[in-house]
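Heads up, the thing below is written out as structure tokens.
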């Protein structure tokens, strides 16, 4: 993965997740070491609010949609709430307005867990809200001679949100595609 190829192979994805597992281990250690110093009600609230705002509404909309695209606002909410930048700002504001405290460890604990344990990173508008194997990515792995990642446990595989294959886009716009390209009627 580099600036000319902004994608991850299964191996680099695993290594990326491993970095967050280290962060999760450090925050877990600090939580255990300071368990008696943590105000647990605010800690649990800080842990939960990220998903109450950023994940659960989009997950409900995705399940209700039956695989159809859902509004991009759900993606924005997820990405904003699951951003280390956002949660760093929340921690800074909390420290300034309330007080610095160990309960704030639950913010990075949540994000490091999502990324390290579950492999959830920022959500792209071009993909379904929940993980679905994308044929184009699988073809890329084939081209690179790499193994496919394990399938996810969804009942159906919705089409990528907002994605229109080039051949279909050309036909819809009335363009003539060169012979042998696109899908024949």
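Counting only residues that are at pLDDT 95 or above and under 23 Å from residue 25 (Cβ atoms), give me the helices (runs of 4 or more DSSP H) lying completely in the stretch 39-127 with at least 2 of them. Break it down stepwise before answering.
Working: elements: 40-54, 56-65, 72-81, 84-97, 106-116.
Filter on the stretch 39-127 gives 40-54, 84-97, 106-116.
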Exclusive hit being out of contact with any strand residue (DSSP E or B) (no Cβ under 9 Å at 6 or more places or on another chain) and either crowded, with 17+ Cβ neighbours inside 10 Å or in contact (Cβ under 8 Å) with a residue 60 or more places away in the chain (or both), set 97, 127, 84, 93: 127
Selection from the stretch 107-119 of residues that are within 16 Å of residue 81 (Cβ to Cβ) and either in contact with a strand residue (DSSP E or B) (Cβ under 8 Å, 6 or more places away or on another chain) or surrounded by fewer than 18 Cβ atoms within 10 Å (Cβ to Cβ) (or both): 118
Residues (within 19 Å of residue 11 (Cα to Cα) and either part of a loop (DSSP other than H, G, I, E, B) or touching a helix residue (DSSP H, G or I) at 6+ places or on another chain (Cβ under 9 Å) (or both)) located in the stretch 128-151: 131, 132, 133, 134, 141, 145, 146, 147, 148, 149, 150, 151
Residue pairs meeting the criteria (Cβ under 8 Å; at least 6 apart or on separate chains; first without any contact (Cβ under 8 Å) to a residue 40 or more places away in the chain, in the stretch 60-72; second assigned to a helix (DSSP H, G or I)): 71/61
Unique match (being on the phi > 0 side of the Ramachandran plot and surrounded by 14 or more Cβ atoms within 10 Å (Cβ to Cβ)) among 58, 54, 23, 67: 67
Qualifying residue in the stretch 26-45 (condition: surrounded by fewer than 14 Cβ atoms within 10 Å (Cβ to Cβ), closer than 18 Å to residue 120 by Cβ and out of contact with any strand residue (DSSP E or B) (no Cβ under 7 Å at 6 or more places or on another chain)): no
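The values are calculated or read from the model by the stated rules, or taken from the named source; none is laboratory data. Only a predicted model underlies this, so the values are computations on that prediction, with no experimental measurement involved. FYI the Cβ positions are ideal-geometry reconstructions off the backbone, even for glycines, and counts take in every protein chain you see.
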